[in-house]
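Shown next, in structure tokens, is the structure this report addresses.
The values are calculated or read from the model by the stated rules, or taken from the named source; none is laboratory data. Owing to the predicted nature of the structure, the values given are computational and were not obtained by experimental measurement. Heads up, the Cβs are rebuilt from the backbone with ideal geometry, glycines too, and the neighbour counts pull from every protein chain shown. The protein model used for the area step is the full one, side chains on, heavy atoms only, and it has no ligands, DNA or RNA in it. Shrake-Rupley method; radii C 1.70, N 1.55, O 1.52, S 1.80 Å.
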Amino acid sequence: MANSSDSGVYQQMSLDLLPSALLATVMTKLDIASIRSLACTCKAFHSCASYMLCFIPNFHLLDIAPSADFLRPLIPPNPYIRSLKVDCMRLDDSSLDYLLQPTLQELCLHNCADFSGRLLSQVGQYCKDLRFLYLSSLAEKRGRSIDVFDLEVLFGGCTQLETLILMFDVSMFLRHNFARVWSIAPATLLSLEMGYISSVMVTELLSPPVVPYQSFEHIRLSILPGLQKLCLSVDYITDTMVSTITKNLNSLTHLDLRDSPIMEPRLAFDLTNAGIQQINLHGRLKHLSLVRSQEIFPAYFKRVNDLGILLMADRCSDMESICLGGFCQVTDTGFRTILHSCAKIFKLRIYHGPHLTDLVFHDMAATSLTLTHVSLRWCNFLTNHGVARLVSNGNLSVLDLRDCRNIGDEALQTISNLSKLKALLIDGSDISDMGLSHLSKGAMRSLVSLSIRGCKRLTDNCISFLFDESSDCELRELDLSNIPNLSDAGVLLLAKRRIPLLELRMRQCPLISDTSIMVLASMKVDEEGWYGSSLRLLDLYNCGGITQLSFQWLKRPYFPRLRWLGVSSSVSRDVLEALSRNRPFLHLAFHGEELGTTGQWDNSDDLYMHDYDEVDELEQWLEGENEGDDEDIQEAENNA
């Protein structure tokens, strides 16, 4: 026993005696997740990790939203840092002094609602080597406009900027001098994305300014001359805006435009055949997306028909990705023209195509297309026969058939032959429990993400048919939302299969109760691990049987890796606040918002590409010995 004790002391001393420079050299080869994991193993590693934070080149912390007090010691002055990504939900302008470091080349600040427009000017003053800038929700809680001077300082300081992503309402900038400021934007800018901007502001922004008495040598012929990627969300997609973009951005290879009108557009504020044929005048476009959303008002592109698509397709032979949404006057003729004119296309998305039928894919086998990503949402004339023709292209890795009401079990039988399929979304289709059994015999072996939301014919038995005990399963994301007949028995069947899911959505399932939460919290994946530790996202919004009892199972130590949780707004506010205190880094949603979405652009390609860094060790590091009081939730329940 004495020898064993002496050995332990010797091992502890030997770790402490290792040169800190040696430990730091080793740890600089690791990412932030590995560094913070090491920091929890012993005092020597903890001390070294704190020291070497002054040398790491990348600091990425997006899966939790730390407070200023927690974050400040983690970001000391660092002459070697190049990339910083942080969720700023709990931060404000007072955090700028340590967030903005002069050596940064990439800066991503999410959820900047408590910051002011001063953030822009501060970035321009302190991050002059910046190449990539992402800001979301800037000043949304401030309730006032952003001074365009802040944007001017940003452009004046970040002269090497290549990518600028402003995911907020850009119309908060005062229109006066807004266009003039963009005339001094860095000529190095290659990519520009905006969360919202009016079409009039876009036209003004891209039109070269006319300055009286300016010499010809100083006239800048084009705004953003090197821009290759443009993604905008606007009030109306118009002929004028499209024409301005096409004529002034000669190097454009990626164009993504979407609008969401609040009323039926008038002719002057709409896209017509004349406007759509202006697209790709210079022949450099590789990726095109034109989407009219029906989120606010059921508006469509009623002034574009097959003729407009035919004229556009003449210039699209080199296109690799096309997305068209809301073109209600385009028929099979127009859509087939795209398939036969664009031999290099591998991503095809069509939303709200009321005239799209099986004929579009009738002769798919005769084409040389190698489609890998296909999305056909709200195309209700598409049937099992059309899907069979489509999947004759065996290279599909992402297939989105959400809200295609006439898709049934026969389609699943053909889809099961897709050996490379990674993501399948068939929400609202007419499939049955038996139909899902086809997937278990084929595509289920490669699937990573599956969504069967709103398939009304499904019951608890769908779990048994879907997960065959004899087959391997790579599934990590499963959406079972809005299935009226899914009950606790189905969740129990899922538990018995021991599928290590990372995301599970069961919103608006009236028969799901507290029993399901207890099962998920205690289910084992194997003999050594707990299933609850696998889940990163759990959506239980508006599940009929969820009561306050479930919150005893949602607190720590259960579901230790949970980062997003959706619950009903009917839950007592005291219970929610107690859970927030118990799990301060949990994203808690109770207004019905979708969980885990990172942006407004179509990200169906990345449905199975999430980065799930381990952050549990970081919580221990940040919180130290200050563990949440386990009695808070029980007390809140008693008071409710």
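Per-structure values
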{"quantity": "Out of Asp409, Asp479, Asp460, Asp427, sole residue that is surrounded by fewer than 20 Cβ atoms within 10 Å (Cβ to Cβ), of a type outside the set (Gly, Ala, Ser) and in contact with a Lys or Arg (Cβ under 6 Å, 6 or more places away or on another chain)", "calculated": "Asp427"}
{"quantity": "Condition met for Leu436 (under 28 Å from Lys344 (Cα atoms) and either touching a residue at least 40 places away in the same chain (Cβ under 8 Å) or surrounded by 19 or more Cβ atoms within 10 Å (Cβ to Cβ) (or both))", "calculated": "no"}
{"quantity": "Qualifying residues in region 36-87 (those that are β-branched (Val, Ile, Thr) and under 12 Å from Tyr98 (Cβ atoms)) - the one surrounded by the fewest Cβ atoms within 10 Å (Cβ to Cβ)", "calculated": "Ile75"}
{"quantity": "Test: Ala299 is assigned to a loop (DSSP other than H, G, I, E, B), more than 25 Å from Asn250 (Cα to Cα) and over 22 Å from the mean Cα position of the chain (by Cα)", "calculated": "yes"}
{"quantity": "Residue in region 312-347 that is modelled with the highest pLDDT, counting only those that are of a type in the set (Gly, Ala, Ser) and over 15 Å from Leu271 (Cβ atoms)", "calculated": "Ser321"}
{"quantity": "Residue within region 568-581 that is at pLDDT below 85 and assigned to a strand (DSSP E or B) present", "calculated": "no"}
{"quantity": "Test set (1) touching a helix residue (DSSP H, G or I) at 6+ places or on another chain (Cβ under 9 Å); (2) modelled with pLDDT under 70 - Ser50 fails condition number", "calculated": "(2)"}
{"quantity": "Members of region 249-297 found to be on the phi > 0 side of the Ramachandran plot and surrounded by fewer than 18 Cβ atoms within 10 Å (Cβ to Cβ), listed by number", "calculated": "Gly283"}
{"quantity": "Residues being farther than 21 Å from Met89 by Cβ and touching a helix residue (DSSP H, G or I) at 6+ places or on another chain (Cβ under 6 Å) - total across region 114-145", "calculated": "5"}
{"quantity": "Region 553-564 residues that are outside the structural domain of Asn582 (by the TED database), paired with ones that are in a helix (DSSP H, G or I) (beta carbon under 8 Å, 6 or more apart)", "calculated": "none"}
{"quantity": "Condition broken by Tyr80, with the remaining ones in (1) touching a Pro at 6+ places or on another chain (Cβ under 7 Å); (2) among the hydroxyl-bearing types (Ser, Thr, Tyr); (3) modelled with pLDDT of 95 or more satisfied", "calculated": "(3)"}
{"quantity": "Residue list for region 230-245, restricted to those being outside any loop (DSSP other than H, G, I, E, B) and under 14 Å from Ser199 (Cβ atoms)", "calculated": "Leu230, Leu232, Ser233, Val234, Asp239, Thr240, Met241, Val242, Ser243, Thr244, Ile245"}
{"quantity": "Any hit, region 368-385, residues being open to solvent by 10 Å² or more (accessible area, probe 1.4 Å), over 24 Å from Arg258 (Cβ atoms), assigned to a helix (DSSP H, G or I) and in contact (Cβ under 8 Å) with a residue 24 or more places away in the chain", "calculated": "yes"}
{"quantity": "Filtered residues of region 486-506 (kept if small (Gly, Ala, Ser) and either in a strand (DSSP E or B) or open to solvent by less than 40 Å² (accessible area, probe 1.4 Å) (or both))", "calculated": "Ser487, Gly490, Ala495"}
{"quantity": "Within region 316-348, tally of residues that are under 22 Å from the mean Cα position of the chain (by Cα), open to solvent by 40 Å² or more (accessible area, probe 1.4 Å) and among the hydrophobic types (A, V, I, L, M, F, W, C)", "calculated": "1"}
{"quantity": "Of residues in region 392-402 being in a loop (DSSP other than H, G, I, E, B) and farther than 24 Å from Lys456 by Cβ, the one most open to solvent (accessible area, probe 1.4 Å)", "calculated": "Ser392"}
{"quantity": "Tally, over region 456-482, of residues that are touching a Ser or Thr at 6+ places or on another chain (Cβ under 8 Å), assigned to a loop (DSSP other than H, G, I, E, B) and at pLDDT 90 or above", "calculated": "5"}
{"quantity": "Segments classed as helices (runs of 4 or more DSSP H), wholly inside region 88-198, with at least 2 members that are farther than 28 Å from Asp69 by Cβ and open to solvent by 20 Å² or more (accessible area, probe 1.4 Å)", "calculated": "148-157, 178-182"}
{"quantity": "Output for region 403-453, where each listed residue is outside any loop (DSSP other than H, G, I, E, B) and farther than 25 Å from Gly353 by Cα", "calculated": "Asp433, Met434, Gly435, Leu436, Ser437, His438, Leu439, Ser440, Ala443, Met444, Arg445"}
{"quantity": "Residue in region 56-75 that is touching a helix residue (DSSP H, G or I) at 6+ places or on another chain (Cβ under 8 Å), part of a strand (DSSP E or B) and in contact (Cβ under 8 Å) with a residue 60 or more places away in the chain present", "calculated": "yes"}
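To keep it simple, each residue is scored yes or no on (1) of a type in the set (Val, Ile, Thr); (2) in contact with a strand residue (DSSP E or B) (Cβ under 7 Å, 6 or more places away or on another chain); (3) at pLDDT 95 or above.
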residue: Arg377; (1), (2), (3): no, yes, yes
residue: Asn380; (1), (2), (3): no, no, no
residue: Gly394; (1), (2), (3): no, no, no
residue: Asp400; (1), (2), (3): no, yes, yes
residue: Asp409; (1), (2), (3): no, no, yes
